[in-house]
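Shown next, in C-alpha cells, is the structure this report addresses.
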Amino acid sequence: MRIFTNLDQSFSFRNAVITIGSFDGVHLGHQRILERVNNLAREHGGESVVITFDPHPRTVLRPDDQHFKLLTTTPEKISLLERYNIDNVVVTPFTPDFFQLSAQAYVEEFLLKKFNPRFIVIGYDHRFGAGREGNLEFLKKYEAAGHFNLIEIPAQEIDELAISSSRIRKALDAGHLDLVNRLSGHPFVLSGEVEHGNHVGRTIGFPTANLKQDNPFKIRLPNGIYAARVFLDNQQLGKGGMLYIGHRPTVDNAPTPVTEVNILDFDGDLYGKTLSVEVLEYIRPDQRLDGLEALKAQIERDKTAITSILNQQRPTERIAVVILNYNTRRHLEQYLPAVMQHSEGADIIVADNGSPDDSIAFLEKNYPQVRIIDLKQNYGFADGYNRALEQVEADIYVALNSDVEVTPDWMTPILEFMREHPEVGIVQPKILAWGKHDPEIFEYAGASGGWMDALGYPFCRGRIFSHQEPDQGQYDTPQACFWASGAAFFIRAGLYKTFGGFDGDYFAHNEEIDLCWRVKRAGYQVWCMPSSVVYHLGGGTLEYENPRKVFLNFRNSLYSILKNESTGRLLWLIPVRFILDGVAGARFAAKGQFSAVRAIIQAHFSFYSNWSKTLKKRQETNEILRQHRIEKADSTGTYSGSVVAAFYLLQKKRFSDLFKS
C-alpha cells in the first residue's frame, strides 16, 4: 500500500476509484465500502484510493469539544486500511487553507487535478468546500460533464456507519470490549512510542514497555488489565501481552493513567519504537495491592489467565498461496490439482503475467474457486509478484512456482515453526527434483536451503553449481540458511511490505536472495524446514544455461552485492568478481557456448550502467534497515571460503564436503 501525506508531491493513479471520509475505527460498516471500492478497482483495472484527513476535521473546527473522541489515530487508521487491501491512502492535511477552499476549487483543484478519478464512491450526505456548499448534487454536474462516475452510498448505509461508530464508543466507555471487537470486525487497537518508565516491573520479573499516549482525542479504555497481542512493524512480538492501563496505585499513584504492556516470551530493546497493541479481552479492574510482593503474585495470576485466553484465541493466519503464471497452462493442468488438494485453509491465487495462451480461460472453466489476478502484461517474476501481492491480503505469503508439485500437509511444519518463532521471517521446504526417482535428488533451485560464500556466490545444501546430490536424508535437519528459494517461498506479509518486496529491476533470478539478504540484515532469520517436501520441475520456464538466464543470474548477483555488502568489502569484492566472472566466461567458451559468454559480458555492462541507480537503492535499503532493524544482522548460512575454489580446484562436490578439512 502506498501512503501519501504531502499534497505537494506528484503522484498518479491508474483508473483511480476514490472514496473520501474519516474512516475512524475502520469498522465493519467502513469495510463494506472499502470492499466495494476494491472490487470496482479490480473490475476496471484500477487502483483503490482512500482520501482521509489529519487532523480529524472536527478537532480543527470544534477544538473545544471535550466529548469528541477518536477510535483510531491516523497511523492506526492507516495500518487498518492496509489490512483491508487498499492500494493507496492519501492523508490530506486539514489546514485552514484547505477547509476554506470553495466547492469548485475542491473539485477541480483537489479531486480532478490530483486524482483524476475514474469513480468516486461517496455518501449521500457528504459536504465539502467553504461553508459546506458542496454536496452530492454539486458532484453530479461534473459527472454529467464526463469527469468521473459517481457511486452513491445510500442513506441507510451512512446512518449505519454513524450508529456503528456511536455504539463502539459507548461500548468502549462501558468496558464491553467483546462488543467493541465484534462491531469493529477486528480487535481494538492502541499504539504508542515506547518511553522510559520507573522500571518497577523489571524488579519483580515483569518488565513492561511504557507507551506514550499523547493524542488528546484518542479514546481511552477503562483502567484495568487486558489480554493483548503486540506488534512492531506488523510483526507480532512474543506470544502475546498483558496490557495495563491505570494509575499504578500500588506503586506510585500516577497523576494520569499510564499504558504499559508486558510482552510474554520476549526480550529486546524497544525504546523509541512504536508498538501497536491489539486488545483482545478485559481481565480485571485496576486495584491497589499490599506491596510489591502482592503485586507480583497478582500479576502471576493475571499471566495464567491471559495465557489461557491467548491459547484459545490464537489467531488463524490468513495464508495466500500465490502462483505467478506466464504462458504455462500445461503446468497449471499438471501441478495445480495437488495445490488445491493439499493447501487446506489457504487462499489459492493465480497471478497471470499477460499470458498469450489460454491460461485464464482454463482457470475460469476448471477452477472457479481460484482467484485470478490478471496483470495484463509480463512484468517478470520479481515485479509480477510485487504487483500481484499488492492486491492480496494475508498474514503469510507463499510464492509458489507454477511447476511445483506439493505433497500432503506440506504447509503445516513451516506454519507451525513460524508461529513459534516470530524472529523467523522467511522459510522454504525441502525441494526435490520432480520426476527423478531411485534415488530422488535435490532440485537446483533451492535444495535444502540456500547458502552464500564469501565472494557472493550462492549455492545450496544439496546442490553446488550444477552438481545435485541424491537425497539420502543427510540434510533433513531444520537449519537457518542465507536464502530461501523463490520456487516455494514463505514470507511474513508484513516483512514483504516493509522491505519493499522483490526488486522489480531483477525481472527474474536472484531476487529472492536479495530480499532474504535485506531481511537478514534487519535481524530476521531465514530457514529451511525439510519435513515439508515439494517437487520442482526446474527449468520449466527457462533452461539453466539459457543465455537470458545466464545474463540475469550474473547481473542480478552483482546488483545484490552492491546493495547489501559493506563498503569495505565492495572495494575488493567487485574487482574479484569481475575476474571470476571472466573465468566463468572462459569455461563457457571452452564448451563452445559463446552465447553464454556474450550474456556475461552484457551482464557486466548492464550492471555498471545501472551503478548510480543501484547505489540509490542501497541508500534506501539502509534507511529502511535503520527504522526496522530488530537485532544485529543474522549471518547464518554464510560459507567463509570460496565455493568456486572448493568446487573446481578441490573437487568438493557435496555440501557436507565443504566443512571437511
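Some notes on this structure:
- Taken over the stretch 353-378, the residue count meeting the criterion of being out of contact with any helix residue (DSSP H, G or I) (no Cβ under 6 Å at 6 or more places or on another chain) and within 18 Å of Gly46 (Cβ to Cβ) is 5.
- Scope the stretch 317-346; condition within 13 Å of Val398 (Cα to Cα) and in a helix (DSSP H, G or I); matching residues: Val339
- Only one of the numbered conditions (1) surrounded by fewer than 15 Cβ atoms within 10 Å (Cβ to Cβ); (2) closer than 30 Å to Ala522 by Cβ is violated by Asp290, and that is (2).
- Wholly within the stretch 510-608, helices (runs of 4 or more DSSP H) carrying at least 1 residues that are among the charged types (D, E, K, R), assigned by TED's automatic domain parsing to the domain that holds Glu420 and within 25 Å of Leu432 (Cβ to Cβ): 511-521
- One residue stands out in the stretch 391-448 among those that are of a type in the set (Lys, Arg) and closer than 20 Å to Ile464 by Cα: the one that is nearest to the chain's Cα centre (by Cα), namely Lys430.
- Of all residues in the stretch 464-487, those satisfying the criterion of being farther than 16 Å from Val534 by Cα and crowded, with 24+ Cβ neighbours inside 10 Å are Ile464, Cys481, Trp483.
- Any chance Glu565 is acidic (Asp, Glu) and surrounded by fewer than 22 Cβ atoms within 10 Å (Cβ to Cβ): yes
- Selection status of Ile624, outside any helix (DSSP H, G or I), in contact (Cβ under 8 Å) with a residue 24 or more places away in the chain and surrounded by 14 or more Cβ atoms within 10 Å (Cβ to Cβ): no
- Inside the stretch 363-391, residues that are hydrophobic (A, V, I, L, M, F, W, C) and surrounded by fewer than 19 Cβ atoms within 10 Å (Cβ to Cβ) make up a count of 2.
- Whichever residue in the stretch 633-661 is over 19 Å from Gly462 (Cβ atoms) and touching a helix residue (DSSP H, G or I) at 6+ places or on another chain (Cβ under 9 Å) and, among such residues, is surrounded by the fewest Cβ atoms within 10 Å (Cβ to Cβ): Ser635
The values are calculated or read from the model by the stated rules, or taken from the named source; none is laboratory data. Worth saying up front: this structure is predicted, and the values here are computed from it rather than measured. Quick reminder, even Gly has a Cβ in these numbers, built from the backbone with ideal geometry, and neighbours come from all protein chains shown.
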